[in-house]
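Here's the structure, in structure tokens; my notes come after.
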């Protein structure tokens with residue numbers, strides 16, 4: 001699908017593994033992530049088919065504010081759910097009230113080994129987070145009948161899989177992984193089938209809750225960062241769509257005066273933009289420069305696979321309303337995937353350090 005709001009982020013949290021995916025597949029894996037059936041209950045996933053047409057959702061145009069759902073949970077369930085959500089990027093930057101609303105609305109779904117929780121081509125109403133267990137995603141691949149016999153292996157295809165197709169594994173999901181967000185944003189058939197490969201536990205959140213909280217939150221974040229990134233000199237050569245992909249992958253951080261953002265000599269796995277405020281550059285205990293809004297840092301360690309060349313610390317005096325430095329962080333995989341067009345610019349700039 002063309003307008004994938006989460007494209008080029010990692011919607012599956014920490015718990016996914018791709019099979020034979022090159023960089024292009026890595027960028028497109030979100031289209032595999034939007035897979036569900038359309039049940040009235042997330043625990044019932046039995047061959048429900050609907051005819052759907054592609055339709056983009058515009059959260060800012062028609063905001064959804066349904067009654068808040070509250071599914072009772074034991075203290076043990078709450079603790080397990082919080083642990084599962086902690087590994088998933090979609091929930092990291094929610095406000096406390098938003099986080100509590102999602103937590104309250106999620107339902108525990110036990111899944112037996114061998115259960116097809118999602119079937120390619122179906123429609124659905126739930127987004128899932130994996131608490132424990134393992135799942136594999138498969139896509140249909142049309143081949144002749146002889147190859148089907150040779151390659152089908154031990155995987156019994158779902159009833160919806162037509163004759164003349166085999167199943168090709170494309171992703172594995174483990175604890176912290178998630179799938180189904182795009183189905184709650186676009187009316188489109190599921191792009192793959194998902195099989196439980198061990199006894200597992202999922203947490204499910206319904207379409208309305210997801211759209212009203214997570215989707216609108218992410219859309220607001222994109223609008224905010226789109227405006228900010230458009231003013232960053234490094235990114236002027238990028239197309240708006242390319243900057244939007246970066247916006248989706250950014251994670252907001254704030255630091256008190258004198259607090260370290262990065263430390264000289266440490267290994268680095270993140271790249272930073274100054275969102276607001278000021279930061280000092282320290283080398284071997286001596287201040288050698290400063291960063292302001294729109295500046296970036298942290299690229300040297302990622303470009304050269306080297307330790308941090310300097311310490312960056314929030315300045316003692318900040319111009320921000322709350323007195324804190326605000327940065328937007330991009331992790332190493334997203335840095336490599338999304339900033340390819342400006343790597344040469346960064347490398348040339350690094351030579352002047």
**Prompt:** Taking residue 259 and the conditions (1) at pLDDT below 95; (2) more than 11 Å from residue 310 (Cβ to Cβ), which numbered condition does it fall short on, given that it satisfies the others?
**Reply:** (1)
**Prompt:** In the list 213, 246, which residue meets the criterion of being surrounded by 16 or more Cβ atoms within 10 Å (Cβ to Cβ) and modelled with pLDDT of 85 or more?
**Reply:** 246
**Request:** Examine the stretch 263-270 for a residue that is under 21 Å from residue 224 (Cβ atoms) and modelled with pLDDT under 95, and state whether such a residue exists.
**Result:** yes
**Complete:** A careful count of residues in the stretch 252-286 that are touching a residue at least 60 places away in the same chain (Cβ under 8 Å), surrounded by fewer than 17 Cβ atoms within 10 Å (Cβ to Cβ) and farther than 19 Å from residue 316 by Cα gives 2
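The values are calculated or read from the model by the stated rules, or taken from the named source; none is laboratory data. Note that this is a predicted model, so its numbers are computed, not measured. So basically every Cβ, Gly included, is an ideal-geometry build from the backbone, and we count neighbours across all protein chains shown.
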